[in-house]
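Here is the structure we will look at.
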Amino acid sequence: MARPMPLLAPVIMATLFMDINGKVALITGSAKRVGREIAVELARRGAQIAVHYRSSSTEAKQVAGERGAIFQAELTDAAAVDRMFHELTERFGGLDILINSASVFAAATADDATPEHWDAQMDVNAKAPFFLAQRSARLMRSRGAGKIINIADVAGEIVWPAYLPYSVSKAALLAVSRGLAKAYAPQIQVNAIAPGPVLFPENYTEEQKQAAVERTLLKRAGSAQDVVNAAVFLIENDYITGEVIHVDGGRHIL
C-alpha cells in the first residue's frame, strides 16, 4: 500500500507595493539637482516631503511648496542631524522613505589628495548616509516598513583617477547600502542608484562633457528624470533589496 505523501506547508506568495501617496519622504540635498527632481516627483505623487538643505534655503522653500517642509542641517554634525529628526518627527509623525542624495564632489588625484579631501568626501558621501539611515530605520520600524535609497555613482565601481577620494567614498556608499540591506531586512529595503553622466558639474567644459558621453554605450547624456524613474521604481517594488541600479548608459561595463 502506497504511503500517503506528507502535506507540505503552503508557500506564502505576497506581492506588496508601497503606495507613495501619503508617505513621508526625507530627501537630503533636495534643494538642487537630482535630489530636487526626486523630491518634486514624490510630492507630485502625493508624498509629504521633508526637503533637506545645507545652505540653499530659497531653493528649498520652492521645492517644498505646499506638501512639504524644509529642514536645514549640516549632515556631518550629529547634533544638527538629531535636531532635524526631532523637527521632522514633530511635523510629520514618522518617516517611510529616505533618499540620501546630498553629496560632495571634488577633484583630487593620488598625488595631490589631502586629508581634507578624504575627510570631506568620506564624511558626506558615506558616513552621513549611514547614520541618516540608522536614524531613519528607527522611525520606519515603528511603522513596519520603509525604503532607503542611496544615490551613489558609477565612479564607485570604475574608479576615476582624477577623483580618487570621491570614487572611494562612493564605493564605500555601495558597501553601506549592501550592509544595511542585510541589517534591516525584511521590514526595510535598502538599495542604491549609480548614475553616470546625468547632470554635469557646473564647471565642466564642453570637452569634458563630450568625453564623459563617449565613455557610455549609448553615446549620450542621461537626465535627472532617468534617476527619478529609478527611485520611484525602487520605492514601489517591495521585492528588491541590496541592489545597485545603474543609470549610466552602460558606462559600468566598459
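The values are calculated or read from the model by the stated rules, or taken from the named source; none is laboratory data. All values reported here derive from a predicted model rather than from experimental measurement. For neighbour counting, all protein chains shown are included, and Cβ atoms are generated from backbone atoms with ideal geometry for every residue, glycine included.
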**Message:** Just to verify a result, which residue in segment 106-124, among those that are part of a loop (DSSP other than H, G, I, E, B) and either in contact with a Phe, Trp or Tyr (Cβ under 6 Å, 6 or more places away or on another chain) or surrounded by 18 or more Cβ atoms within 10 Å (Cβ to Cβ) (or both), is modelled with the lowest pLDDT?
**Reply:** 107
**Fill in**
Residue hits (segment 61-103; more than 23 Å from residue 146 (Cβ to Cβ) and either assigned to a helix (DSSP H, G or I) or among the hydrophobic types (A, V, I, L, M, F, W, C) (or both)) are 61, 62, 79
**Request:** Return the pairs, sorted by first residue and then second, in which the second residue is part of a helix (DSSP H, G or I) and of a type in the set (S, T, N, Q), the first residue lies in segment 87-99 and is under 12 Å from residue 51 (Cα atoms) and in contact (Cβ under 8 Å) with a residue 60 or more places away in the chain, the beta carbons are less than 8 Å apart, and the residues are 6+ apart or on different chains.
**Result:** 98/136
**Prompt:** Between residues in segment 74-85 that are under 15 Å from residue 130 (Cα atoms) and residues that are aromatic (Phe, Trp, Tyr), which pairs lie under 9 Å by C-beta distance while being six or more apart or on different chains?
**Reply:** 75/131; 78/131; 81/131; 85/71
**Residue among 204, 184 that alone is free of Cβ contacts under 8 Å to residues at least 12 places away in the same chain, of a type in the set (Phe, Trp, Tyr) and out of contact with any Lys or Arg (no Cβ under 7 Å at 6 or more places or on another chain)** = 204
**Item:** Yes/no for residue 91 being over 19 Å from the mean Cα position of the chain (by Cα) and surrounded by 14 or more Cβ atoms within 10 Å (Cβ to Cβ)
**Value:** no
**Asked** In the list 156, 146, which residue meets the criterion of being in contact with a helix residue (DSSP H, G or I) (Cβ under 7 Å, 6 or more places away or on another chain), modelled with pLDDT of 95 or more and more than 18 Å from residue 102 (Cβ to Cβ)?
**Response** 146
**Asked** Which residues, taken from segment 163-193, are closer than 28 Å to residue 17 by Cα and either surrounded by fewer than 19 Cβ atoms within 10 Å (Cβ to Cβ) or in contact with an Asp or Glu (Cβ under 6 Å, 6 or more places away or on another chain) (or both)?
**Response** 174, 175, 178, 179, 182, 183, 185, 186, 187, 191
**Message:** Within segment 55-65, does at least one residue satisfy the condition of being of a type outside the set (Asp, Glu), within 20 Å of residue 192 (Cβ to Cβ) and in contact (Cβ under 8 Å) with a residue 24 or more places away in the chain?
**Reply:** no
**Asked** Of all helices (runs of 4 or more DSSP H) completely enclosed by segment 160-254, which ones contain at least 1 residues that are within 13 Å of the chain's Cα centre (by Cα) and charged (D, E, K, R)?
**Response** 164-184
